[in-house]
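I have placed the structure first, in the form of structure tokens, so that the comments after it can refer back to it.
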Amino acid sequence: MAFRKGTVSMNDAFWLKLRFIMGLMGILCLMFLFQGCARRGTFPQFLPVIVQAGDTLSTLAQKYLDDPDKGWVIADFNDVTSVAAGQEIIIPLEPFEKGGLSRSGYQTVPILVYHNFSNTRKSLMVVRRDEFEQQMKYLRNNNYRAITLDELFDFLEFRTELPKKAVVITIDDGWQEVYSIAFPILKKYGLRATLFVYTDLINGSKKTLNWEEVTELDRGGVDVQCHTKTHRNLGKMNDKESLSQYAREVENEIVESTRIIKEKLHKNVKYLAYPYGDTNNLVIAFLQQQGYRGAFTVKRAANPFFINPYTLNRSMVYGDFDLHDFKRNLKIYSRKAIN
Amino acid sequence: MSARSTEHGKQVRWCNRVTTFLNSLRIFVLFLLFLPLLFAGCAVHPNLLDTAGRDNYRILPDKYKQKALAYETRGFWREAMQSWWIVHYFHPDDEKITSRINTLQKKIEVKAQEHFNQGVRFYQRGQIQKARREFLLTLAYDQGNEQALDYVEKKLQPPVFRTYVVQDGDTVKKVAQKEFHDSNTAFLLKAFNEINVTGNLTSGTILQVPILNIDSSENKEIVAPLPEYHATPADSPGQKTGAIAGTSSKDHSRETGQATVRKESDMQIYRKAKAYLEQEKYKKALEALRSLDNNFLDVGGLKASTEVFLQQEADAHYRKGISYFLSEELAKAIAEWEEVLRLVPDHLKARKDLQNARRMQKKVEKY
């Protein structure tokens with residue numbers, strides 16, 4: 001027995017040593033890992049770079065931030081609108097002003113709402129083609145950036161900053177003209193938008209969108225989200241309804257439309273625009289239960305990061321707005337809550 | 001025996017070696033797995049390690065030094081510190097900068113803590129606006145302050161739920177009755193809490209109960225209809241016209257001949273409605289659609305969407321009226337509310353506000 005034991009330890013000494021060395025390497029590796037992370041937390045949040053010939057904000061963003069659309073991060077931090085060869089710039093590698101908040105004020109994000117468009121006629125809910133184009137052109141030429149709702153919510157959750165001139169473009173309901181009039185203009189000016197559809201409106205009528213068009217919009221930079229099933233006012237209980245009937249109706253409006261959009265577009269719906277902008281706690285409770293990240297009213301105001309995500313403000317763009325009226329709805333900064 | 005035991009010993013030895021080898025291998029593989037993480041996830045960017053490159057920057061070091069100083073004088077300490085860190089990168093051995101960063105760091109911590117404590121005091125007194133201001137200032141100094149963020153994002157938001165502690169003998173139905181005065185709403189409790197199918201509750205369990213704040217539609221008896229807006233035939237609200245059309249349709253269907261005539265005229269009305277929609281004359285389109293049966297072609301869908309459209313248009317005018325009213329432009333407010341009633345004759349809020357505005361206008365004219 002003793003002989004056997006001795007042999008085992010003698011012959012295995014090499015293996016044990018190897019094992020020990022390997023273990024040590026593993027531990028060293030872990031230590032490195034933690035040290036690396038610790039360093040990241042203190043300094044390397046920025047990267048100085050000398051712009052080379054051929055570099056643009058977009059190529060720099062691709063190279064250093066892994067996202068060509070993040071050129072605005074470099075532009076905003078360095079307070080420039082473009083870069084030239086030989087220029088010295090700083091590339092922030094981490095959020096440098098979450099929520100757009102500083103000691104003196106905070107960013108607010110305007111969210112615009114459109115409903116319908118027309119080539120000729122206009123009313124409050126119908127914006128004429130040429131005027132819509134003028135408004136979009138204004139946004140583009142003045143360096144406004146149309147952001148997505150996902151980007152907006154990262155800002156609302158105080159995870160990141162947004163472009164200083166961030167704006168959200170939304171369209172409600174699902175009329176045909178969204179596809180025939182608004183979509184080409186949005187594409188022309190490179191502006192992303194969100195379409196809130198009420199699923200009963202997508203019914204095969206010539207006046208409204210069909211699901212093929214909705215799918216094309218969704219893939220073409222117009223994020224499709226929920227505007228309930230029938231466009232009933234979720235916030236109000238009808239005279240003839242009991243509380244339980246009302247609650248079931250509200251639940252059904254949300255669950256059904258969410259299901260239909262998911263089925264047609266193969267994606268999860270995360271945001272809802274309240275019909276008539278109206279809501280209450282019960283509606284919000286159902287939205288939270290259904291995994292909604294937030295929802296939108298039509299209160300005319302811009303949104304700071306600390307707004308309640310289930311009662312976000314949106315400003316309606318009426319058909320009788322001139323460019324001056326339009327601009328008044330683009331408030332991107334406020335001091336109110338901090339002074 | 002001894003030969004067999006040596007044989008056995010050899011086997012054990014080999015087994016041990018193999019396991020030890022496998023163990024080493026496993027750890028080595030783990031090491032290999034971590035290796036890319038080391039470089040990709042946490043590694044400092046290659047340029048940062050390249051200390052030689054620092055001397056190539058002629059503008060940035062001084063620019064950020066000036067920025068840092070300017071931020072400091074204005075009291076923007078977080079921003080000042082960010083700028084000092086950039087300066088520090090170019091002058092890593094300058095101890096003045098390092099100590100400046102350390103001093104700022106401490107000042108920031110103190111200031112953030114002061115604002116946070118003040119915020120908590122306001123919050124405890126129920127002064128929400130003031131509390132929010134303090135927590136925002138905390139975050140302005142210290143972006144990473146999770147506690148302040150929790151106040152701003154959660155505690156300061158109006159609550160959607162309140163808690164209910166289950167008492168002895170409670171069932172879901174009983175709680176629904178107690179909380180909502182309606183035992184049929186038990187499903188609401190089930191929707192927002194994990195309650196088993198039987199609906200039995202264990203005393204002491206905490207339930208999330210939505211705080212109801214539902215608006216019910218206006219009580220129609222409160223508002224007397226305005227003489228100006230008594231429904232004229234063209235203006236009559238939908239249900240009435242619909243009902244009339246419904247009965248007349250039934251009457252006609254008694255005689256097949258007339259029913260055919262009726263069908264044709266339905267088609268004509270339908271075409272007219274579509275034409276109105278084409279011309280974006282929504283109100284006329286709706287009047288035509290309302291005289292048709294919901295099941296006729298796509299009348300149901302068209303009617304519903306047109307109603308929604310008009311209602312939204314009317315609401316927009318209503319809101320505009322409100323803002324004119326608030327800025328004391330009575331005539332404009334009245335014009336907007338009249339437009340509301342033209343679009344949706346039974347818009348009760350507009351009717352009420354219009355009545356009120358007209359009365360005020362008369363008073364203004366008198367004095």
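Only the coordinates and a few stated rules stand behind these numbers; no lab work does. What you see is a predicted model; the values in this text were computed from it and never measured. Every residue, glycine as well, gets a Cβ built from its backbone with ideal geometry; the counts of neighbours run over all protein chains shown.
So here's what we get for this one:
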item: Aspartates and glutamates with Cα under 13 Å of A:K331, excluding same-chain neighbours fewer than 8 positions away; result: none
item: Segments B:116-129, B:147-160 sorted - mean Cβ within 10 Å per residue, highest first; result: B:147-160, B:116-129
item: Signed unit charges on C-beta, dipole axis of chain A, positive-most listed residue A:L112, A:F321, A:S205; result: A:L112
item: Subset of B:K63/B:K96; A:K122/A:K187; A:K229/B:K154; B:K67/B:K106; A:K165/A:K207; B:K130/B:K320 violating a 25 Å alpha-carbon distance limit; result: A:K229/B:K154; A:K165/A:K207; B:K130/B:K320
item: Relative counts (whole %) of C-alpha pair distances in the stretch B:161-210, using bins that are 10 Å wide; result: 29, 66, 4
item: Estimated 222 nm signal from helices in chain A, with DSSP H stretches of n ≥ 4 weighted -39500 (n - 2.57), rounded to 500; result: -12500 deg cm²/dmol
item: Cα-centred dipole magnitude for the stretch A:46-94, charges only on beta-carbon of K, R (+1) and D, E (-1), debye, nearest 20; result: 140
item: 10 Å Cβ neighbours from other chains, averaged over peptide A:305-313; result: 3
item: Computed over the stretch B:161-210: relative contact order in percent, which uses C-alpha pairs under 8 Å that are six or more apart; result: 56
item: Peptide ranges A:120-132, A:209-221 listed from the most packed, as the mean C-beta count within 10 angstrom indicates; result: A:120-132, A:209-221
item: Rg/Rg_ref, chain A, where Rg_ref = 2.2 N^0.38 Å and atoms are Cα; result: 1.33
item: Highest average packing first - B:332-343, B:192-203, A:133-144, Cβ atoms within 10 Å; result: B:332-343, A:133-144, B:192-203
item: Average beta-carbon neighbours from other chains, 10 Å sphere, peptide B:314-321; result: 4
item: Student exercise, the stretch A:102-338 dipole from Lys, Arg, Asp, Glu Cβ charges, in Debye to nearest 20; result: 840
item: Reach of B:K190 by Cα under 20 Å, taken over lysines that are not fewer than 8 positions away in the same chain; result: B:K173, B:K174, B:K178
item: Those lysines that a straight Cα-Cα span of less than 22 Å connects to A:K17, excepting residues fewer than 8 apart in one chain; result: A:K5, B:K10
item: 10 Å Cβ neighbours from other chains, averaged over peptide B:204-213; result: 3
item: Relative contact order (%) - the stretch A:46-94, alpha-carbon pairs under 8 angstrom, separation at least six; result: 53
item: Charged-residue dipole, Cβ positions (Lys, Arg, Asp, Glu), the stretch B:161-210 about Cα centre, Debye nearest 20; result: 60
item: Sparse-neighbourhood loop sites, chymotrypsin sites (Phe, Trp or Tyr not before Pro) in the stretch B:290-325 - DSSP loop, at most 16 other Cβ within 10 angstrom; result: B:F296
item: Cα centroid separation - the stretch B:145-162 against the stretch B:285-326, whole Å; result: 40
item: Unit charges at the beta carbon, dipole of the stretch A:102-338: most positive-side option, A:Y271, A:V224, A:A193; result: A:A193
item: Cα lying deepest toward the dipole's positive end in the stretch B:75-155, options B:G144, B:Q82, B:I97, charges on Cβ; result: B:G144
item: Net charge, B:K65 excluded, C-beta distance under 14 Å - Lys, Arg +1, Asp, Glu -1; result: 0
